[in-house]
Structures are given as C-alpha cells and as structure tokens.
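Please read the structure below before turning to the comments.
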Amino acid sequence: MTEKLALNDYPIHELIRSRWSPRAYSEQSVEQEKLLSLLEAARWAPSSYNHQPWSFIVATKDDPTEYNRLLSILVEFNQGWAKTAPVLILAVAKVRTDDGKTNRHAFHDVGLALENLILQATSFGLFAHQIGGFNGDKAKTEYQIPEDYEPATALTIGYPGDPQSLPDGLKERELAPRVRKPLQEFVFTQKWGKTSFLLKD
C-alpha cells in the first residue's frame, strides 16, 4: 500500500488528508456490509431542495457478467487498470425535477454524495477512483437509463494494491506526490482574481 498524505498548509481532518485515488488494487473483496455503509453515507449527503438526484449502478467481481458489463462502458485506457478493482459503480444524476424543471445542481449534488461515499470508504481503509472517461451513451443504452437522467461518473472501489503491478507510466503517477493549487489562486475578495484578505500576511 502507498500512503499519500496531503501536504496541507492548514489543519484538515485525517480522512481528507488520507484520501487519494489509486489505480492499483488488491484482489481482496470488499465486504458487503462495508459496501452498504458506503452507499448509506452517500444517501445522507445534502442536496438542493432535498431532491437527492443520485442513483448508483453497482457491480462486483462476485458477478463477472455484470462486472464486465459495467467495465465495458469505460474507455479502453481506463478498462486496463480498473479491471483490478473489486467494485465498479456508475453514478447517475437526475437532471430534471419531478415537475420537469432543469435541476442545475444535480451534478453538484451527486458529487456531494460521492464525497460522502469516498470519505466513508477511506475510514474503512478502502479507496475510490472517480473516472470521467466512459461512454455515457453506451451506459444509457446498456442500463436503459431514463431520459431525465445522465451518467455523471464511474468509480472503482477496493483495497489498495501494489503500485509495481501497474505499467510504467501509471506506476509513476501512482507514486508521485499529490499536488494542489495554493489557496491564493482561487480564494478571492472584492473582485475576481483579487486574493482574499484571509490569505494576506
């Protein structure tokens, strides 16, 4: 296992420091009760008007047919490493409310639910990697996703594995330090681009 703690400038919770997105997974299965806890954590995320616009399609290696079906919607590059994860999930956003209005917060709220899920996973020693590289049209057809819903992201979940099992290019990325923009680049006051007074010396 590779530990990649955030190099934070200010104190943050240890779950946030510890969370990162590996591509190398062990063969160990994710216990059903833990997987249910992850989904329960997602269930209790906040959402605009409490619309709860998230749905999740879940596949595990316990059912190879369904696992390979979900794996097939990923782009080929992502299939190459994601196939080692014991759990695959497709997160779907309901983009219209029941009265037909556009829910412009839907993807934001799905993101909140996934962050709950991911932090709960981290508390169990599990890790998740969200994947934008998938075929949304294929997912809609394959799973008969209704018109008012849009696939938002896929993700892998599992116990971390050996980075040395990855091809060279991915191995380097797996072992590289985590990097984030400094707060000065995105926390503003008075106008866009003016660094907030909070960050002045």
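Quick look at the values:
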{"quantity": "Cα-centred dipole magnitude for the stretch 115-174, charges only on beta-carbon of K, R (+1) and D, E (-1), debye, nearest 20", "calculated": "140"}
{"quantity": "Interchain or long-range residues, amide H under 5 Å from Y149's placed H", "calculated": "V95"}
{"quantity": "Sequence-separation-based contact order of the chain, relative, with Cα cut under 8 Å and 6+ spacing, percent", "calculated": "29"}
{"quantity": "MRE, 222 nm, helices only [DSSP H, n ≥ 4, -39500 (n - 2.57), over the chain, to nearest 500]", "calculated": "-9500 deg cm²/dmol"}
{"quantity": "Listed residues A176, A152, A45, most fluctuating in the chain (Gaussian network, C-alpha, under 10 Å)", "calculated": "A176"}
{"quantity": "For the chain, built as a Gaussian network whose Cα springs stay under 10 Å, the top-fluctuating residue of L88, L39, L175", "calculated": "L175"}
{"quantity": "The stretch 102-181: trypsin sites (Lys or Arg not before Pro) in DSSP loop, at most 15 other beta carbons within 10 Å", "calculated": "R104, R178, R180"}
{"quantity": "Among Y25, Y143, Y159, residue whose mean-square fluctuation peaks in a GNM of the chain (springs only between Cα atoms under 10 Å)", "calculated": "Y143"}
{"quantity": "Cα convex hull volume per residue for the stretch 10-164 (Å³)", "calculated": "125"}
{"quantity": "Summed residue charge, Cβ within 14 Å of H13's Cβ, Lys/Arg positive, Asp/Glu negative", "calculated": "0"}
{"quantity": "Filtered GluC sites (Glu not before Pro), the stretch 84-148: DSSP coil and at most 11 other beta carbons within 10 Å", "calculated": "E147"}
{"quantity": "Translational diffusion of the stretch 3-60, µm² s⁻¹ [Kirkwood Rh, Cα pairs; Stokes-Einstein; 20 °C; 1.002 mPa s]", "calculated": "147"}
{"quantity": "Cα convex hull of the stretch 89-145 - mean projected area over all directions, nm²", "calculated": "4.8"}
{"quantity": "For the stretch 96-185, average projected area of the Cα convex hull in nm²", "calculated": "9.1"}
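A short reminder: the numbers here are calculations on the coordinates, not readings from a lab. Quick caveat: nothing in here was measured; it's all calculated off a predicted structure. In this analysis, Cβ positions are derived from the backbone assuming ideal geometry, glycine residues included, and neighbour counts consider all displayed protein chains.
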